[in-house]
Amino acid sequence: MKALTLIAAAMLLVNSVNTFADNNNAILFQVGDGNMGVADQSDPTIQNNLIVQSQIGSSNDSDASQTTGTSNSVATHRQAGELNDSESTQRNDTSWSSIFIKQVGSRNDAITRQDAAISNSILISQIGSMNIGAITQDSVTASTGFISQAGSLNLAIINQSDAMVSTGWIYQSGSMNQAFVRQFSNTTESSVLIRQEGSTNTADAEQLIDVTTSSVLIDQIGSNHAKASQSVDVTGSRSWISQSGSNQAINPVAL
């Protein structure tokens, strides 16, 4: 086994790139301000990979990437503080893969991506304000993209293409949050779930292009706005919007 383990603490700048392949491990731990951590685990061509990065402080940046033949992959980012940024990419032949990003603070960004994902999941959890959580999953089967945000002025975006038996799920509590989920191109037996609690939140869910036996559910509590749409060759599919409070719904099937 070839492995690279990095531990950094107390006001250090760390840039770690794992240049090995075959059963790679990369662990990065940082405490302090102005930290940066990068674990790459460069090709040829990845198997049984693990990247774990944890940062405590402010102005941290964490970037993890496991590329082309990924397989059996796990990437976990944990950040606590403000102005953190975390980005993870597991590409092309990803299998068994799971990405977990948790950020606590304000103005954090989390961007993830999985290609050719089978039985995979991406979870982003953010607490604070002005956070951005974005998930992209291409050619997904039996996979889940989940974003949880608590606070205000947060943005959550999930895009899933060629989704089969997959779910895009967003939960937000607070005010002036925005949630967008889009499943497109051969969406089969898949679902979109958006739940928002608070005021002045916006939910927009869309399934389009060859949608079969799929569903959209938006549940809102407070004074919010919701839009659900299914279009272009839709078969055996439905959309629902459930609202309590002073809300506005577009294209609902009322519950």
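If you average the alpha carbon positions of region 146-184 and of region 66-141, how far apart do those two centres end up, in angstrom? One Cα centre to the other: 13 Å. Taking label positions 7 Å along the Cα-Cβ direction at both Q47 and S59, the computed distance is 4.3 nm, reported to one decimal. Scaled to the globular estimate 2.2 N^0.38 Å, the Cα spread of the chain, given as radius of gyration, is 1.05. Taking 0.36 nm per residue of separation and subtracting the Cα-Cα distance, full extension of the segment from L208 to S231 would add 7.8 nm. The C-alpha atoms of region 129-173 occupy a region whose extents along the principal axes are 32, 14, 7 Å, arranged from largest to smallest.
Rule-based calculations on the coordinates, nothing more; no lab input. These numbers were taken from a predicted model, which means no experiment stands behind them. Positions of Cβ are backbone-derived with ideal geometry, glycine not excepted, and every protein chain shown enters the neighbour counts.
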